[in-house]
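The next block holds one structure in the form of structure tokens; read it before the comments.
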Amino acid sequence: MKFALDCPKLFDDATLLGDDRMFPLLYMFPMDNENKVARNSILSALLTLMRQKKIDDIRIKELCRVAGVSRSTFHRNFESKEQVIELYFDSHFELLFERVESLSRKTPNELYKYYFNFMMHHSELIHLLRINQREHILTQCMIEYLPYLMHHNIVLSLDVPTNYEVDYLANGLSALTFSWESQNFEETPAQMANIFQLLLRIAA
């Protein structure tokens, strides 16, 4: 699958998995290996069920039935329901940050614009995380990737110990993302990038 930021049309007429009750296949793992079909089926089934009930009420047996996979297939790919979403974010963040690193101008502003663009395209997923009180999944993914960006000077240092800086930036980006979603994404990704950088300057 071509990276979503290059294909905004995917978000208008995405192919559906199975029938029109299933979650759009625009939410796909980007890797190309033997586990791709199973992982994408499980992801789509999980998000479909999260439309109907809280994630805590979804049983693995039910998830596997909707996904059309066995329990052994699920446990071979994931340790928990939450990890399905964690690994999805992880795989796409890797692509997103690689894209930013390939730009001729590697600036925090470009990173934040790509980040908020990605989140806008994943509006329903962000909404489902918020109403299920699983915001920490996004925050944790940011905590894992920000040190790499700081090391390569893509994210500016705040002249504080790195672990505090990472926690501050990750929690700030995550909180701003969910606040943005709760207000129906009124601002553009570029505006959100500017807002976040303004907040950082005020805090500094």
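A few remarks follow.
- Residue match in segment 107-116 (condition: of a type in the set (A, V, I, L, M, F, W, C), at pLDDT 90 or above and touching a Ser or Thr at 6+ places or on another chain (Cβ under 8 Å)): yes
- Pick from segment 68-78, criterion farther than 17 Å from Leu125 by Cβ and surrounded by 13 or more Cβ atoms within 10 Å (Cβ to Cβ), ranking: nearest to the chain's Cα centre (by Cα): Asn77
- A residue that is at pLDDT 80 or above, of a type in the set (A, V, I, L, M) and closer than 19 Å to Leu129 by Cβ occurs somewhere in segment 30-44.
- Residue among Lys54, Lys61, Lys81 that alone is surrounded by fewer than 17 Cβ atoms within 10 Å (Cβ to Cβ) and under 25 Å from Glu135 (Cβ atoms): Lys54
- Taking the criterion of being over 18 Å from the mean Cα position of the chain (by Cα) and not in a helix (DSSP H, G or I), the residues of segment 79-104 that qualify are Glu79, Leu103, Ser104.
- Residue check for Arg21: at pLDDT below 95, farther than 23 Å from Met192 by Cα and not β-branched (Val, Ile, Thr): yes
- Options Glu86, Glu62; residue that is modelled with pLDDT of 90 or more, closer than 18 Å to Phe118 by Cα and either assigned by TED's automatic domain parsing to the domain that holds Ser123 or out of contact with any strand residue (DSSP E or B) (no Cβ under 7 Å at 6 or more places or on another chain) (or both): Glu86
- Restricting attention to segment 95-117, the residues that are surrounded by 15 or more Cβ atoms within 10 Å (Cβ to Cβ) and of a type in the set (Asp, Glu) total 1.
- Those residues of segment 127-136 which are surrounded by fewer than 19 Cβ atoms within 10 Å (Cβ to Cβ) and within 11 Å of the chain's Cα centre (by Cα), in sequence order: Glu135
The values are calculated or read from the model by the stated rules, or taken from the named source; none is laboratory data. These numbers were taken from a predicted model, which means no experiment stands behind them. Positions of Cβ are generated from backbone atoms using ideal geometry, with glycine treated the same way; all protein chains shown enter the neighbour counts.
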